[in-house]
Amino acid sequence: MASSRKLLALFFFFISIAKPIFVSSDNVNFTFKSFTIRNLTFLGDSHLRNGVVGLTRELGVPDTSSGTVIYNTPIRFYDPVSNTTASFSTHFSFSVQNVNPDSSGDGLSFFLSHDNDTLGSPGEFLGLVNSSQPMKNRFVAIEFDTKLDPNFNDPSGNHVGLDVDSLNSIATSDPSIDLKSGKSITSWIDYKNDMRLLNVFLSYTDPIATTKKPEKPILSVNIDLAPFLNGEMYVGFSGSTEGSTEIHLIENWSFKTSGFVPVRSKSNRPHNVSGSSVAPVAIPKGGGRRQRHGLAIGLGISCPVFFCLALLVFGYFTLKKLKGVKAEKELKTELITGLREFSYRELYAATKGFHSSRVIGRGAFGNVYRAMFVSSGTISAVKRSRHNSTEGRTEFLAELSIIACLRHKNLVQLQGWCNEKGELLLVYENLVEESHVYTPLTLTRSHNIRMMMVTEVKRAHSRQGQNFIFANPGLCSLSSVNIFSSFFSRRKKKESVTCCVSKE
């Protein structure tokens with residue numbers, strides 16, 4: 001009951017601090033001066049070596065390879081509150097190395113995509129799309145292509161291109177920089193949504209000082225990417241080879257979005273600051289009224305929903321707790337005295353966590369496990385119910401009440417029980433023989449075993465002073481699972497059957 005009250009209090013706490021449904025998106029900014037496995041997903045042949053990301057295999061012999069590295073957190077490029085698409089800018093340093101200059105291809109790309117688990121095909125597909133489904137993956141990419149592929153209308157074997165949902169570039173440029181030189185190259189990619197303009201800059205990396213961004217882009221495209229930058233997207237790099245020794249390395253990376261107007265409440269305004277020192281924020285006409293109206297609608301919907309959900313959860317756990325207490329009281333009153341109540345921890349340890357290797361039998365009631373108690377050095381058999389329902393509990397009580405009062409030299413005696421953590425467990429005495437080699441039974445031998453079982457059960461009943469009526473075969477039956485020890489125990493050259501009658 002206390003846990004239910006705590007849960008209800010926690011729900012009300014979440015309601016009090018929960019943000020409304022209509023919230024503004026935030027700008028994103030991250031930088032990797034060197035790489036670690038943290039915050040990155042590696043697909044295919046991509047790998048990490050000394051803080052540098054490799055997109056393809058480094059074998060030194062011609063090979064076909066593709067790999068992708070993706071920033072783990074999706075980035076929102078569209079804000080539904082202000083109906084704004086974000087601008088973005090990124091810069092990174094990369095190199096394309098090759099032990100055999102005559103063996104080149106195919107290149108690498110920087111991309112934005114809704115997909116974060118698809119590994120593209122090698123070769124001309126640059127690890128961006130799958131060759132069998134080239135139109136499935138939607139993306140915006142800047143490709144740095146090192147091989148002329150006529151299938152995608154490449155202008156040369158050393159070009160930069162803008163790709164949108166297809167490897168047929170919208171625009172391309174042949175830079176004066178040799179992409180396959182093996183030198184470190186820095187690229188800047190800027191998209192300004194208000195100007196509908198994408199620029200790509202390229203320069204050899206300065207090994208000593210900070211590399212300066214060129215004044216003139218090598219590729220400039222007037223394009224509206226808003227229809228493609230919708231919702232949340234992933235950013236990353238891909239690369240591929242096809243029968244070449246080319247190696248594609250990413251040395252560092254930074255990325256940021258801009259253009260989203262932050263929503264700041266009056267309570268969050270800085271104190272002791274004059275109004276002239278705070279830059280005003282331009283709000284579209286009527287935008288404030290719409291945001292307040294949206295906030296009111298969001299709170300009006302979310303609060304009742306959270307309240308009803310809290311009541312349902314509270315009621316569910318309360319009823320479950322009451323049923324558990326009632327069932328436990330009923331079980332205590334119906335248990336047969338003289339049986340030991342085992343703890344769940346004790347039985348869990350004795351059966352190695354109910355490991356499959358400890359299973360010695362299976363039946364309708366559940367599995368039977370061999371249990372070794374280290375503290376006492378004894379071995380027992382534990383029957384574990386697979387039913388946690390009312391029917392399973394009824395069977396559990398029935399087996400306790402019947403087996404506990406039966407005493408016979410050929411019946412496996414019940415030693416104890418356990419009812420914890422929703423588990424129903426019965427503990428029987430140790431098996432007479434711990435290992436047997438079973439051979440196929442003939443019809444005659446099978447018939448003899450069955451007749452001996454019936455005789456033993458009848459003998460056991462006749463010595464108990466009370467009769468047991470097996471009226472429903474679905475409730476009470478004899479099965480091979482209930483025969484815990486071997487079919488035959490050789491005792492003074494007289495065969496006897498060791499069996500156990502249970503309500504299954």
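The values are calculated or read from the model by the stated rules, or taken from the named source; none is laboratory data. These figures come from a predicted structure and were not determined experimentally. Counting neighbours? That spans all protein chains shown, and the Cβs are built from the backbone with ideal geometry, glycine included. Side chains are part of the model used for accessible areas, which takes the heavy atoms of the whole protein and leaves out ligands, DNA and RNA. Shrake-Rupley method; radii C 1.70, N 1.55, O 1.52, S 1.80 Å.
For segment 106-116, state whether one or more residues are of a type outside the set (S, T, N, Q), modelled with pLDDT under 95, closer than 30 Å to Asp224 by Cβ and surrounded by fewer than 20 Cβ atoms within 10 Å (Cβ to Cβ).
Checked against the condition, which is being of a type outside the set (S, T, N, Q), modelled with pLDDT under 95, closer than 30 Å to Asp224 by Cβ and surrounded by fewer than 20 Cβ atoms within 10 Å (Cβ to Cβ), segment 106-116 yields at least one hit.
May I ask you to verify whether Glu143 is within 21 Å of Ser156 (Cα to Cα), part of a strand (DSSP E or B), among the acidic types (Asp, Glu) and in contact with a strand residue (DSSP E or B) (Cβ under 8 Å, 6 or more places away or on another chain)?
Considered against the rule, which asks whether it is within 21 Å of Ser156 (Cα to Cα), part of a strand (DSSP E or B), among the acidic types (Asp, Glu) and in contact with a strand residue (DSSP E or B) (Cβ under 8 Å, 6 or more places away or on another chain), Glu143 comes out as yes.
Matching residues to (1) surrounded by 15 or more Cβ atoms within 10 Å (Cβ to Cβ); (2) out of contact with any strand residue (DSSP E or B) (no Cβ under 9 Å at 6 or more places or on another chain); (3) not β-branched (Val, Ile, Thr):
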| residue | (1), (2), (3) |
| --- | --- |
| Ile189 | yes, no, no |
| Leu198 | yes, no, yes |
| Ala209 | no, yes, yes |
| Lys213 | no, no, yes |
| Ile218 | yes, no, no |
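Search segment 340-358 for residues being open to solvent by 30 Å² or more (accessible area, probe 1.4 Å) and not in a helix (DSSP H, G or I), and hand back the single one that is nearest to Glu423 (Cα to Cα).
For segment 340-358, the residue satisfying everything is Ser343.
Kindly provide the set of residues from segment 162-180 that are open to solvent by 20 Å² or more (accessible area, probe 1.4 Å), out of contact with any Leu (no Cβ under 8 Å at 6 or more places or on another chain), touching a residue at least 40 places away in the same chain (Cβ under 8 Å) and closer than 18 Å to Gly105 by Cβ, ordered by number.
Selection gives Lys180 alone.
Considering only segment 365-388, state which residues are surrounded by 15 or more Cβ atoms within 10 Å (Cβ to Cβ) and assigned to a loop (DSSP other than H, G, I, E, B).
Across segment 365-388, the qualifying residues are Phe365, His387.
Across segment 421-442, what is the number of residues that are in contact with a Leu (Cβ under 9 Å, 6 or more places away or on another chain) and either open to solvent by 40 Å² or more (accessible area, probe 1.4 Å) or modelled with pLDDT of 85 or more (or both)?
5
Evaluate segment 84-100: report whether one residue or more is of a type in the set (Val, Ile, Thr) and under 26 Å from Lys212 (Cα atoms).
Looking for residues that are of a type in the set (Val, Ile, Thr) and under 26 Å from Lys212 (Cα atoms), one finds at least one in segment 84-100, hence yes.
Test Thr245 against the criterion of being in contact with a Lys or Arg (Cβ under 8 Å, 6 or more places away or on another chain), of a type in the set (Ser, Thr, Tyr) and either without any contact (Cβ under 8 Å) to a residue 40 or more places away in the chain or open to solvent by less than 60 Å² (accessible area, probe 1.4 Å) (or both), and give yes or no.
No: the conditions fail for Thr245.
Within segment 101-130, can you find the residues that are of a type outside the set (Gly, Ala, Ser) and assigned to a strand (DSSP E or B)?
Those that are of a type outside the set (Gly, Ala, Ser) and assigned to a strand (DSSP E or B): Leu108, Phe110, Phe111, Leu112, Asn130.
May I ask you to list the residues in segment 199-237 that are hydrophobic (A, V, I, L, M, F, W, C), more than 17 Å from Phe94 (Cβ to Cβ) and over 37 Å from the mean Cα position of the chain (by Cα)?
If the condition is that a residue be hydrophobic (A, V, I, L, M, F, W, C), more than 17 Å from Phe94 (Cβ to Cβ) and over 37 Å from the mean Cα position of the chain (by Cα), then Ile208, Ala209, Val221, Ile223 are the ones that fit.
Only one residue in Val129, Val140, Val96 is open to solvent by less than 20 Å² (accessible area, probe 1.4 Å), free of Cβ contacts under 8 Å to residues at least 60 places away in the same chain and not polar (S, T, N, Q). Which one?
Result of the check over Val129, Val140, Val96: Val129.
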